[in-house]
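**Q** My questions all concern the structure below.
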Amino acid sequence: MSANDLASGVPQVDIRALAGELVSGLMLQPWGEVSASVYETGRVVALAPWLAGDAGRVAYLLARQRPDGAWGGPEGYGLVPTLSATEALLSRLRHTGDASLAGPVKQGLLALSHVLSAPGGLALPDTPAVELIVPSLIALIEDHLREAPDLGLPAVRLDLPPGMDTAALARLRGALSSGAGVPQKLLHALEVVGEAACHAPGLIPTEIGTIGASPAAAAAWLGGRAGWGDRSAHPRHPLVHRHLEAVARRFGGPVPVGLPITFFERSWVLSWLARAGVPFDAPPEMVADLCMTIGPEGTAAGAGLPADADTTSVVLYALALLGVRVEPESLLAYESETCFHTWPGEQGFSTSVNAHVLDAFGAYVERHPEAADRYKGRVAKLARLLLDHQEADGSWSDRWHASPYYATVSCALALHDHGGADSAAAVRRAVRWVLGTQREDGSWGRWAGTREETAYALQILLMTDAGEDERRAAAAARGYLFLLNSAGMEEPAMWHDKDLYLPGAVVRAAVLASCHIAQRDPAVMGAFQRSHGPVRKQ
């Protein structure tokens with residue numbers, strides 16, 4: 001629908017039908033729906049030239065290069081994908097002599113040199129394994145340039161970003177070489193250890209053939225850079241090879257940064273919809289699977305990943321909203337004196353993880369008051385923690401998403417629902433921040449207006465009772481119109497993994513939830529009619 005249709009009224013979204021299609025679709029793609037990754041595709045190009053879809057992967061990298069020679073997202077989000085793509089194409093140029101790759105490689109090298117030599121250094125986002133990935137790829141690129149000086153490429157100096165060194169990578173490689181193994185959370189980035197990853201001792205693939213839920217890790221474990229000569233000679237494991245090939249074929253060559261994401265995807269979709277009151281039927285087998293996946297340490301996002309507090313808490317919260325009683329005691333494994341960690345030993349801190357844990361405990365206590373004595377102290381602790389981490393402007397930021405709107409919707413809704421009276425002022429500040437950051441076209445977004453971030457902003461405005469009623473309704477009406485007008489708009493990848501990624505079904509659920517609450521809010525629909533004419537259902 002376009003703005004020209006406003007004279008005859010704007011159709012409402014058929015939420016029930018779309019939610020039904022979305023939820024049933026989760027059963028049809030049990031590994032999940034996630035975007036392709038430049039970083040991960042680059043690693044598979046370099047590590048698995050024998051894998052089906054190789055030409056498609058190279059073409060994908062070439063097509064995704066930006067005019068400035070880099071790859072990936074804005075700001076520091078471009079370094080990891082640019083290193084990976086440049087190293088992959090440089091490796092291919094060395095081994096095949098394909099002269100058509102020289103130009104893109106040169107552009108990539110110059111882009112890296114420019115970024116890494118910028119005055120004041122490069123501010124890197126807190127993405128998984130970045131302290132291992134960057135040193136490993138810089139070393140590989142330097143090895144290529146030193147060992148093949150006749151390629152006619154510029155002599156560039158690639159310095160490590162300030163505060164980063166090779167010590168952590170050396171320790172990991174040493175531990176693996178000594179047979180000590182790799183912590184499960186680091187299997188997702190196994191490719192950083194190089195040749196030591198090949199059939200690493202003690203590492204057993206999952207029952208579906210994943211290694212750390214990562215195509216790059218699987219390719220490294222299968223044999224790394226073996227195969228440039230006799231492609232039939234590299235070591236293979238039939239189950240892992242079949243899984244890796246299935247992933248590549250599904251994406252037409254390129255690969256995502258993580259797959260499967262089964263339980264992450266299902267729990268986020270169900271919780272977005274249920275929290276907003278969207279009418280849908282959850283397939284009984286999906287609910288049963290979510291219940292069964294919760295063990296003593298909770299659940300993982302997908303096969304090959306370690307259990308984590310984030311997925312566990314959202315699974316528990318979704319089940320609570322669906323009326324299924326599962327006590328959240330598995331979350332206690334992630335508790336420290338100060339906070340709940342994504343996994344034991346996590347070095348960073350996540351506001352959204354702690355907000356989701358607050359949701360899980362709060363929802364359980366509300367539905368089962370007899371359990372209050374065990375969890376109410378933790379509910380209060382989590383609320384204080386989130387209040388302490390609110391930014392001065394009213395927003396929150398997080399290590400698992402590039403957008404402050406994701407962190408803010410996670411924290412504001414958790415505090416509104418479970419934080420008590422002491423949280424009301426913080427929620428009001430979050431609402432004022434959202435009202436003050438709306439764009440002229442009615443959208444919200446960190447770098448540009450997006451449907452995902454607009455959906456989060458609408459939830460902050462409409463799922464809290466923080467005053468500013470008339471202003472909130474007018475802003476929400478404009479945001480709702482943006483969602484209607486932008487149907488089919490390409491969504492940027494904003495979720496943190498080794499590279500930014502887009503979990504498509506999760507984002508669609510958030511958008512549907514926001515459209516639902518806007519359509520059911522008389523003040524929003526009244527503001528919409530006053531500005532744009534009558535609203536009619538499609």
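The values are calculated or read from the model by the stated rules, or taken from the named source; none is laboratory data. Predicted model, so just to flag it, every value in this text is computed and none were measured. Note: ideal-geometry Cβ built from the backbone for every residue, glycine included; neighbour counts use all protein chains shown. What goes into the accessible areas is simple: the full protein's heavy atoms, side chains included, and nothing from ligands, DNA or RNA. Shrake-Rupley method; radii C 1.70, N 1.55, O 1.52, S 1.80 Å.
**Q** Note down the relative contact order for the range 388-454 as a percent, whole number, built from C-alpha pairs under 8 angstrom at least six residues apart.
**A** 28 percent.
**Q** May I ask you to compute the full-extension gain from Asp150 to Ala523, defined as 0.36 nm times their residue separation minus their alpha-carbon distance, rounded to one decimal in nm?
**A** Extra length from Asp150 to Ala523 when fully extended: 127.4 nm.
**Q** Could you state how much accessible area Arg429 has, in square angstrom rounded to the nearest 10, with a 1.4 Å probe and all protein chains kept in place?
**A** Near enough 90 Å² of accessible area.
**Q** Moving to a separate point now. Using the per-residue mean of other Cβ atoms lying within 10 Å as a proxy for protection, in what order, highest first, do the peptides 29-42, 440-453 fall?
**A** Peptide ranking by packing, descending: 29-42, 440-453.
**Q** Further question: When ligands, DNA and RNA are left out and all protein chains stay put, how many square angstrom of accessible area per residue does the range 469-538 have with a 1.4 Å probe?
**A** About 42 Å² of surface per residue is accessible.
**Q** Hey, another quick one. Could you compute the net charge surrounding Leu321? Neighbours are other residues with a C-beta less than 10 Å from the C-beta of Leu321; K and R count +1, D and E count -1.
**A** +1
**Q** How would you order 386-396, 267-277, 315-325 from highest to lowest mean count of nearby Cβ atoms within 10 Å?
**A** Ranked from most to least packed, the peptides come out as 267-277, 315-325, 386-396.
**Q** Could you please report the charge total around Ala118, scoring K, R as +1 and D, E as -1 over all other residues with beta-carbon less than 12 angstrom from its beta-carbon?
**A** -2
**Q** Pairs of Cα atoms under 8 Å, at least six residues apart: use those to get the relative contact order of the chain, whole percent.
**A** That works out to 19 percent.
**Q** Given an 8 Å cut-off on Cα distances and at least 6 residues of separation, report the relative contact order of the range 431-479 as a percent.
**A** Computed over the range 431-479, the figure is 42 percent.
**Q** Just to be sure I understand the model, the point goes 7 Å from the Cα along the line to the Cβ. What's the resulting Arg242 to His114 distance in nm?
**A** 4.7
**Q** Have a look at the DSSP beta bridges in the chain and tell me what percent are antiparallel, nearest 5.
**A** Taking every DSSP beta bridge with both residues in the chain, the antiparallel ones total about 75 percent.
**Q** Ignoring everything except DSSP H segments at least 4 long, calculate the 222 nm mean residue ellipticity for the chain; use -39,500 (n - 2.57) per segment, divide by total residues, nearest 500.
**A** Dividing the helical sum by the residues of the chain leaves -16000 deg cm²/dmol.
**Q** Follow-up question, since we're still on this one. Can you check what the net charge comes to around His418, using other residues whose Cβ is under 14 Å from the Cβ of His418 (Lys, Arg +1; Asp, Glu -1)?
**A** +2
**Q** Here's something else I'd like to know. Of all accessible surface on the chain at a 1.4 Å probe, what whole percent is carbon and sulfur?
**A** 52
**Q** A further question follows. Checking the a/c ratio against 1.5 first, then a/b against b/c, what shape does the Cα gyration tensor give for the range 294-377?
**A** Here the range 294-377 falls in the oblate category.
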